[in-house]
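The structure under discussion appears below in the form of structure tokens.
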Amino acid sequence: MAYPLFVFGRFKYWEWTTTPETLSQSKTMTIFYREKCRRCRKVMPWLIFKHSLDKTRVNVVNANHYQRSSLEEIGVYITPAFRIDNQSYNTIDVSKIERLWNSSK
């Protein structure tokens, strides 16, 4: 019972500790999501449960807090989006997400 609470807490911690300074780190993966996004609801639970114990630093951003034009400037057109090495990947392909996660520091 405690594991789901830990996982959710870890996700929220990643979100709360994401700052503009951490977003500029190109080797750290940044995940853009929206709370009511169907695509996010398919991928995010799996991703969070699988990687909640990893030591990898991840930035988590609620895209609802940004204007559409700001997101489009960095290549985020649909959520979830994964940004690493100054490139954005708007995907729900689990194998691609795994490769991105493994290349993150």
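Residues that are out of contact with any helix residue (DSSP H, G or I) (no Cβ under 6 Å at 6 or more places or on another chain), open to solvent by 60 Å² or more (accessible area, probe 1.4 Å) and not small (Gly, Ala, Ser) were ranked within the range 24-38; the one that is farthest from THR91 (Cα to Cα) is GLN25. When the criteria are applied in full, TRP101 meets the requirement of being surrounded by 15 or more Cβ atoms within 10 Å (Cβ to Cβ) and touching a residue at least 60 places away in the same chain (Cβ under 8 Å). Say whether the condition of being free of Cβ contacts under 8 Å to residues at least 24 places away in the same chain and open to solvent by less than 20 Å² (accessible area, probe 1.4 Å) is met by at least one residue in the range 41-56. Looking for residues that are free of Cβ contacts under 8 Å to residues at least 24 places away in the same chain and open to solvent by less than 20 Å² (accessible area, probe 1.4 Å), one finds none in the range 41-56, hence no. Anything in the range 39-64 that is in contact with a Ser or Thr (Cβ under 8 Å, 6 or more places away or on another chain) and over 14 Å from THR91 (Cα atoms)? List them, or say none. Within the range 39-64, THR56, ARG57, VAL58, ASN59, VAL60, VAL61, ALA63 meet the criteria.
The values are calculated or read from the model by the stated rules, or taken from the named source; none is laboratory data. Please read all numbers here as calculations on a predicted model, not as lab measurements. Heads up, the Cβs are rebuilt from the backbone with ideal geometry, glycines too, and the neighbour counts pull from every protein chain shown. Just so you know, the surface numbers come from the protein's heavy atoms only, side chains and all, with ligands and any DNA or RNA stripped out. Shrake-Rupley method; radii C 1.70, N 1.55, O 1.52, S 1.80 Å.
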